[in-house]
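**Student:** Take this structure first; my questions come after.
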Amino acid sequence: MWNYKILTGCLLWWCWTSKGNAFHRQATDPQEVRVSKKIAFDFKASPEIHIYLALKYAHIAVMGWAKDSVKVEAEIIATGMALTEANRILERVTLGYDYTPQKLHMQLEIASQQQIAKKNDNPLGNIMNGLVQSLISNPAPTHSTSADIDQHNLKILIHIRLPQGAIQQIENRYGSLELNGNFTGKLTAHLFYGNLKAEKLPYGQLEVSYGEAHFKHLSKATANFRQSSIKIERAGELNLQSSSTTLEIDSIASLWLDSRNDVATIKRAGKLNGKMQFSNLDVGQLGLESNLETHFGNLTVQKLLPSCTTLDVMARATNVKLEHLPSDTHYDIVVKPEKWQAPERLLRLERQPFEGLKGHVRLVWNEGNAKRKIAIENREGILIMK
Amino acid sequence: MEDKLKTWAQQHRKEMDVFQAPEFLWERIAAQLDRQEKTRQYWWKNAYVRIAASIVLILVSATFLVLYQRQLTSENTLQAAYPELKQAEAYFKPIIAAKMRRIEQIGDKDLLNLLLEDLALLEKDYQTLAKDLQDHADNRQIIQAMIANYRSRLQLLERILNQLEQKQQDNVEL
């Protein structure tokens, strides 16, 4: 009798627990369905082929190779809780392209959900011409109709191999761009909410907003960085306009800067010219010359190398700090005496009132054999020399 | 100086009272007047033209009205669909306006122009985001970016204002 009761109890317990576990699994480990479209093509191309990409949400990897051909592989992957849902997401995304040996055009279009609904009314609407559809996991019930896209349920991966001399014009929003290989052609890139990574660029016209960019070697470029974080390891000539950006440059031969509200660190610069407003600029070593116009913010120059010939700063309400004062230099300083911090011997130098600027004085002196010139006119700002 | 016409009229006043204009003269004048009336037919007085113009006017007005209505609807739909966007706008806009007023008081004209340029760029970014929202793709991220856009405007103004006020304070202390 007791055995029967124990057995029934065990059976009921097993049923209850197994049912509970089943519900739990369904709630926390739902089966996702992934569907994808793949596009692949290649063609013979001119060594200086023009590439135009107008994309969104795409992760683009471009590789330069020593061949006279282009190879493109693209995959659009949609994930949904049901096959219908995944298909609807996939259906909204169209990657168009056309090419000749001289040019390649690719553009991405995302149809609205209403357009898809209308298209679905048409029995021909579901046909995806020229595309391979692959069902990766098991099919699930087709009850969901949502086609909202987000970064978790849509991935667009594009891999392009190009001749190294290709001239590229790439626009991508909410995605990323990575360039590898020894390119010799010009790159025009416009990234909005997207990251850019490049190994070696001979000539670039770059626009990065709300993203991160990393360049290993940038020979010559015109760049506009906004609200971004930029790291350049080595650069030749850079014409830079930037705002609200964190900029880190390890080494640059020549930089023309128009900076606003940036935080910039340059470890070593040859020529450094331009203007900045409300920016903090920290220069580690200055190799050749610098002419800067600053408005508010902070400027620090840690060291002038022996090769440096000129440091000319016109500062307005900027805190300027000049460390490791070099010898063999002609100094010409305009400052408010109460805002000047310097070694005692300099504070004892003869001062002349500076005409046209009330409360400011001018100090001119030589240290050793004057091979270089340091001229700083700091209106209203603090000047620290040590 | 003597008025020649007046003098001539005074000298020939009597002749004017005596001589009559020839009959054919009035006929010629009347004939010319008829011809001018016939040739001067204004196209805009044509009834068909008037009807066509009215239709065009109504169509143009209706188009503008519909477009305006659509724009309003889309803005309202956007805010209705994403209440957090409305909340962010309600929160940030007055603060941004107040900071801007403060900077106007203590900053100079050049500085204001630069600041307005930067704010215009941020506004342009906002419009791009709003446009991309119509893709219904990754809207959560875009909405977050739109809210962050307001935050960036505020941070920009706060940073500038802090430096301006710091400078002002330094000058007072010294």
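**Student:** If I ask for residues that are in contact with a Gly (Cβ under 9 Å, 6 or more places away or on another chain) and either away from chain B (no Cβ under 14 Å) or open to solvent by less than 50 Å² (accessible area, probe 1.4 Å) (or both), which ones from the stretch A:327-347 would you list?
**Tutor:** Passing the criteria: A:Ser327, A:Asp328, A:Thr329, A:Val335, A:Lys336, A:Pro337, A:Lys339.
**Student:** State the number of residues belonging to the stretch B:115-135 that are surrounded by 20 or more Cβ atoms within 10 Å (Cβ to Cβ) and over 22 Å from A:Ser243 (Cα atoms).
**Tutor:** So the count comes out to 3.
**Student:** Scan the stretch A:342-351 and tell me whether some residue there is closer than 28 Å to A:Ser307 by Cβ and in a strand (DSSP E or B).
**Tutor:** no
**Student:** Shifting gears a bit: Right, A:Thr222: assigned to a loop (DSSP other than H, G, I, E, B), within 30 Å of A:Leu95 (Cβ to Cβ), open to solvent by 40 Å² or more (accessible area, probe 1.4 Å) and away from chain B (no Cβ under 13 Å) or not?
**Tutor:** So A:Thr222 does not fit the description; no.
**Student:** Give all pairs with beta carbons closer than 7 Å in which a residue from the stretch B:105-128 that is more than 10 Å from chain A (Cβ to nearest Cβ) and within 18 Å of A:His295 (Cβ to Cβ) meets a residue that is part of a helix (DSSP H, G or I) and charged (D, E, K, R); count only pairs at least 6 apart in sequence or on separate chains.
**Tutor:** These pairs meet every condition: B:Leu112/B:Glu104; B:Leu119/B:Arg153.
**Student:** Please determine, by comparing only the residues of the stretch B:153-174 that are open to solvent by less than 20 Å² (accessible area, probe 1.4 Å) and facing chain A (nearest Cβ under 10 Å), which one is farthest from A:Thr79 (Cα to Cα).
**Tutor:** Among residues in the stretch B:153-174 that are open to solvent by less than 20 Å² (accessible area, probe 1.4 Å) and facing chain A (nearest Cβ under 10 Å), the one farthest from A:Thr79 (Cα to Cα) is B:Leu164.
**Student:** Considering each of B:Ile143, B:Ile147 in turn, give the residue that is more than 10 Å from chain A (Cβ to nearest Cβ), touching a residue at least 60 places away in the same chain (Cβ under 8 Å), in a helix (DSSP H, G or I) and closer than 19 Å to A:Gly175 by Cβ.
**Tutor:** Step by step, each of B:Ile143, B:Ile147 is checked, and only B:Ile143 is more than 10 Å from chain A (Cβ to nearest Cβ), touching a residue at least 60 places away in the same chain (Cβ under 8 Å), in a helix (DSSP H, G or I) and closer than 19 Å to A:Gly175 by Cβ.
**Student:** Could you check, for the stretch B:152-166, whether at least one of its residues is assigned to a helix (DSSP H, G or I) and within 28 Å of the chain's Cα centre (by Cα)?
**Tutor:** Yes: one or more hits.
**Student:** Is one or more of the residues making up the stretch A:226-249 crowded, with 21+ Cβ neighbours inside 10 Å, assigned to a strand (DSSP E or B) and in contact with a Lys or Arg (Cβ under 6 Å, 6 or more places away or on another chain)?
**Tutor:** Yes, the stretch A:226-249 has at least one match.
**Student:** Filter the stretch B:100-129 down to the residues that are farther than 16 Å from B:Leu156 by Cα, of a type outside the set (S, T, N, Q) and modelled with pLDDT of 90 or more and list them by number.
**Tutor:** Across the stretch B:100-129, the qualifying residue is only B:Leu129.
**Student:** Turning to a different aspect of this structure: Would you check if B:Ala80 is at pLDDT 75 or above and out of contact with any strand residue (DSSP E or B) (no Cβ under 8 Å at 6 or more places or on another chain)?
**Tutor:** no
The values are calculated or read from the model by the stated rules, or taken from the named source; none is laboratory data. None of these values were measured; they are calculated from a predicted model. Don't worry about glycine lacking a Cβ; one is built from the backbone with ideal geometry, like all the others, and counts go over all protein chains shown. For the accessible areas, the whole protein counts, side chains as well, though only heavy atoms, and no ligand, DNA or RNA atoms are used. Shrake-Rupley method; radii C 1.70, N 1.55, O 1.52, S 1.80 Å.
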